[in-house]
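What follows is one structure encoded as structure tokens, with my remarks underneath.
Computed from the coordinates by the stated procedures, all read-outs in this text should not be read as laboratory data. In this text the structure is predicted, and so the values were computed from the model without any measurement. Glycine also receives a Cβ, built like all others from the backbone with ideal geometry; neighbour counts cover every protein chain displayed.
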Amino acid sequence: MTTGPYEGMFVYRGRVQFYDCDPMGVVWHGNYLRFMEQARFALIDAIGYDYRMIREEDCYDLPIIEVNFIKYVRPLTAGDEFDVILLIRECGVRLVFDYVIGKGDTVCIKARTTQCAVNRKTGAMEFRMPERLAEHILGACGSGKFGVRPYGCYKGGMLR
């Protein structure tokens, strides 16, 4: 699996395994969420700030609080190589990602997820992203590193 730029967005590449499929021979619907998680994890790693740092050093968790939608367009099957194209929509009070999962020129899935920051010491939901995480994400957005060009990357309510 590799990662890199894809027409101005971040891409995670993967391959469907036999165990990802249901008895009908297509990817079981819940596994698309796992593919999206793998793409988010790869993006966070690629910007130089991994989940271990978020949890252990900054004492935050980033749970998914909303799967805003998943639109199933075409199924993936065992052996298919796929791309998860990832777009950062928002990084402020919450972290919002848009996804397109596809193979070749075929769009298979469109989705959006929302995460929030939870302080691990207090268990309270924060009303902002951890500062260091926001700086890394916004830095990647602003510098063009990996070609990440969100159409809604916010800091403190300001479009950046």
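When all C-alpha to C-alpha distances in segment 1-121 are sorted into bins of 5 Å, what percent of pairs does each bin hold, rounded to whole numbers? Going from the shortest bin to the longest, the percentages are 2, 11, 21, 23, 18, 13, 8, 3, 1, 0.
Toward the positive end of the charge dipole of segment 80-126, with +1 on the Cβ of Lys and Arg and -1 on the Cβ of Asp and Glu, the farthest Cα among ILE85, ILE109, ALA124 is that of ALA124. Annotation: amide H-H contacts under 5 Å for ARG120 (H modelled 1.01 Å from N, sequence separation of 5 or more, or interchain): TYR60, ASP61. For LYS121, the aspartates and glutamates whose Cα comes closer than 13 Å to its Cα, not counting residues fewer than 8 places off in the same chain, are GLU56, GLU57, ASP58, ASP61. With a Förster radius of 41 Å applied to the beta-carbon distance between ARG128 and LEU33, the computed FRET efficiency rounds to 0.95. The packing ranking of peptides 97-103, 114-120, highest mean first, is 97-103, 114-120, where packing means the average number of other beta carbon atoms within 10 angstrom of each residue.
Full extension of the chain segment joining TYR19 with GLU57 gains 10.2 nm, where the gain is 0.36 nm per residue of separation less the Cα-Cα distance. So how far, in whole Å, is the C-alpha centre of segment 32-77 from the one of segment 98-114? When both Cα centres are located, 14 Å separates them.
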